[in-house]
Every structure is written in C-alpha cells, then in structure tokens.
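These notes are about the structure you will find just below.
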Amino acid sequence: MSAPHDTAGRETEVVVIGAGQAGLSTAWALARQGFAPGTGFVVLDAEPRPGGAWQHRWPSLTVGTTHRVHDLPGLPLAPADDGLRVREVVPAYFADYERAFDLPVHRPVRVSAVSRTGDDRFLVRTDSGDWLADAVVNATGTWTRPFVPRYPGQELFRGRQLHTVDYRDAGEFAGRHVVVVGGGASATQLLGEISQVTSTTWVTRRPPVWREGPFDEDAGRRAVAMVEEAVREGRRPGSVVGVTGLLVSTPYIADGLRRGVLERLPMFDRITEDGVAWADGSSVRADVILWATGFRAAVGHLAPLHLRQPGGGIRMDGTHVAGEPRLHLVGYGPSASTIGANRAGQAAARQLRRLLHPAAGARSAAA
C-alpha cells in the first residue's frame, strides 16, 4: 500500500519540475497558452535561488568563453561584458525573467517521486508537500547527475579525483600533474586553463575531430536529428560531440593546439596508486584525475512511472514520452541546449493546451 499523501491546496493542471532554461521557457509558454499561474501551472525548483545549473559553473567560465546562452522567450539577455562570470550574469537574468512574467516558482522544493494516481493524474511528491497535477513537464537537466566511468584500480588511486562539477580554479592544481579525461568542450576548455599553471595529460576514448568555423544551423540540425533518433528508439541521448564526434574550434582551443597541450592519448586501461596505465605497459604519473566525462539526465524521480527502455533511455515522441501525452521532458535529448529548450518548452505548452484546453484552440493559434 502506498503512503498517504496530503495535497490540500496543492492541485494544479501542470507541474513543471525545474526552473532552468527549459523550465522557465515552458512556464512562459504555458502562460501564453492560457494556463493561469498557480491554478493552471506551478514551477518547482530545488535550488534556493534563481539560476538553474548556471549558478554552479566554475568561476573562470565567462560570457566570452561559454557556448552562447540563448535568450529566454520574451525577454532578451542584455549584452554583457565578455569578461563577466556566467555564474553571475545568467542567474541575475533568470531572476529578472521570473519577476518580469510573475512566474509561480516555488523554491527550494525538491521532488522525490512522480507517480500515477487512481484517477490517472500525477502525484508529485516533494520535501515541501505533495502536488496533484493533470500533466507534468520535467525540466531537470543533467547538472545534478555527473557521470564518472568505472575503471580497474580506481579505488587505489592516492591522488585526487574530481568531476567537472567540482572544478573551481586552475590555481589549485599548480605543481601537480593532472590527467584530464574526456573529449568534449568542457574537457578542452579546462585543459586549456589548467595547462597554463601545471603539466597535463589529455585522455579520450577516440581522437578529436576539430571543426573549423562556426557550428552553423545546418550542422546543428544534423546533430539534433541524430539525438532525436536515439530518443525515439529509447536509447540514452548523447551530447553533440558524442553523436557527431566534432569539437568546434574556439580561441582557447586554438591556443591549446598552439601550445601542444591538446595532444591526446587513447583511453587508459586501469588506474594505479600513482597514475594511469595502458595494456602495453606504458603509464603516466598523476596527482589528479579530472573526469570531464559528461552527465546523465536527472530523471530518477520519474522511476515510479517505469519509463526506462532496454536501451537505457526513455522513448520519446517529440517532447512527450511515447504513449504519455501528458508527460513531457524538456531539456532532454535533442532539446538539451538553451535554444533547444526554448523551442521544446513552447512545443510542450502548445500540446498541453490542445490536450487540456481544447476549446481554447482558436485563441492561442497565433501565439
């Protein structure tokens, strides 16, 4: 028997879980589609303040060194000095956005589980009381689920191991040899920073492929199409680098190539007490192993719905879970980017309006 739940005063049509780019763009779109703040939708955010994952980015990540932060719909991000920290600029922008559109964000509220009720609604359990909703939009991103692969000997390493989420500043590694693991944009950026203050080794599963010139719309569409195919089949969604194998050449990458720090070694086979080693007998001494190995979707609270497919992912049909038109994942798979989350949030809101407010179709057709 399931535990009783208390939802007195906490019923709404749509619960949005997460107030990052995906959650805020969805909330804006729901209001545009006629859902009333509070009774029509609420946003539950685990963070104590606005900003989503951006507030946790490492201090050295600036506006000029990050991939573009796309505007949220309805309120442009004012031009900012390229030298300003992203962890300060974006949270301030998100806070302004919440105020400008009077979005009903409840925080800090941590969602522990989402399940079905007997009348085919959703029960959203949280540490601040439960909610009943006709539909759920999950917008929890990936930052809270860093992925570190397992390798033999990992527990024997006497140095420090950390993930990208733990990184703060290159200066803390001065005088220590750092092995950076990972072939994505974060790995190359952190490698460029750390290599300016100490010695480094770069290790990746496959050789990097550098893309000269901008990652244009055509390239973006091709990458999104590859991720869409994965989620339609219920496989784990990969990153743009993961599905295309391409790294966009940026100024910090050009500098790293010039200095010779982006010469990679193939993935090691085991970890030793004082470094990493390969099957051919070669080894590299290390004081630090930095795992820039990406993230997994933060969807553990959806486990009671039994959505996982044998391929490890959740099978999707557009923005909603296949066969679950009232359960949308925004910021998952092909929408796991700032511009992708904007588009997906608006698509999810339109679909939910058609499903829950069919009579309002004429009103919102032009929205």
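The values are calculated or read from the model by the stated rules, or taken from the named source; none is laboratory data. None of these values were measured; they are calculated from a predicted model. Because the Cβ atoms are built from the backbone with ideal geometry, glycine has one as well, and the counts that use them run over all protein chains shown.
Check G182 against each of (1) among the small types (G, A, S); (2) under 24 Å from the mean Cα position of the chain (by Cα); (3) within 24 Å of G345 (Cβ to Cβ) and name the one condition it does not meet. Of everything listed in (1) among the small types (G, A, S); (2) under 24 Å from the mean Cα position of the chain (by Cα); (3) within 24 Å of G345 (Cβ to Cβ), G182 misses just condition (3). Among strands (runs of 3 or more DSSP E) entirely within segment 258-340, having at least 1 residues that are surrounded by 14 or more Cβ atoms within 10 Å (Cβ to Cβ), hydroxyl-bearing (S, T, Y) and not assigned by TED's automatic domain parsing to the domain that holds F41 singles out 270-272, 283-285. Looking only at residues of segment 55-100 that are surrounded by fewer than 17 Cβ atoms within 10 Å (Cβ to Cβ), in contact with a helix residue (DSSP H, G or I) (Cβ under 9 Å, 6 or more places away or on another chain) and hydrophobic (A, V, I, L, M, F, W, C), we find that the one that is modelled with the highest pLDDT is L75.
Assess whether P149 counts as being assigned to a loop (DSSP other than H, G, I, E, B), under 30 Å from G183 (Cα atoms) and touching a residue at least 24 places away in the same chain (Cβ under 8 Å). Against the criterion (assigned to a loop (DSSP other than H, G, I, E, B), under 30 Å from G183 (Cα atoms) and touching a residue at least 24 places away in the same chain (Cβ under 8 Å)), P149 qualifies. Within segment 37-49, the set of residues being more than 17 Å from G20 (Cα to Cα) and surrounded by fewer than 16 Cβ atoms within 10 Å (Cβ to Cβ) comprises G38, T39. Residues in segment 106-120 that are in a loop (DSSP other than H, G, I, E, B) and among the aliphatic types (A, V, I, L, M): 1 in all. Exactly one residue among G34, G52 is modelled with pLDDT of 95 or more and either outside the structural domain of T164 (by TED's automatic domain parsing) or surrounded by fewer than 22 Cβ atoms within 10 Å (Cβ to Cβ) (or both), and that residue is G34. If you go through segment 295-348 and keep only what is among the acidic types (D, E) and in contact (Cβ under 8 Å) with a residue 60 or more places away in the chain, you end up with just D317. Can you spot a residue in segment 149-162 that is surrounded by 13 or more Cβ atoms within 10 Å (Cβ to Cβ), under 22 Å from G331 (Cβ atoms) and not polar (S, T, N, Q)? Within segment 149-162, not a single residue is surrounded by 13 or more Cβ atoms within 10 Å (Cβ to Cβ), under 22 Å from G331 (Cβ atoms) and not polar (S, T, N, Q). Candidates are the residues of segment 240-262 that are modelled with pLDDT of 85 or more and within 16 Å of S186 (Cα to Cα); the one that is nearest to the chain's Cα centre (by Cα) is L262. Taken together, the residues in segment 327-341 that are of a type in the set (A, V, I, L, M, F, W, C) and modelled with pLDDT of 75 or more amount to 4. For segment 152-180, give me each residue that is assigned to a loop (DSSP other than H, G, I, E, B) and among the hydrophobic types (A, V, I, L, M, F, W, C). Matches in segment 152-180: F157, A174. When every residue of segment 351-367 is checked against the conditions, none turns out to be part of a loop (DSSP other than H, G, I, E, B), under 26 Å from R121 (Cα atoms), of a type in the set (A, V, I, L, M, F, W, C) and modelled with pLDDT under 95.
Annotation note: of L103, L123, the sole residue that is in contact (Cβ under 8 Å) with a residue 12 or more places away in the chain, of a type outside the set (V, I, T) and in a strand (DSSP E or B) is L123.
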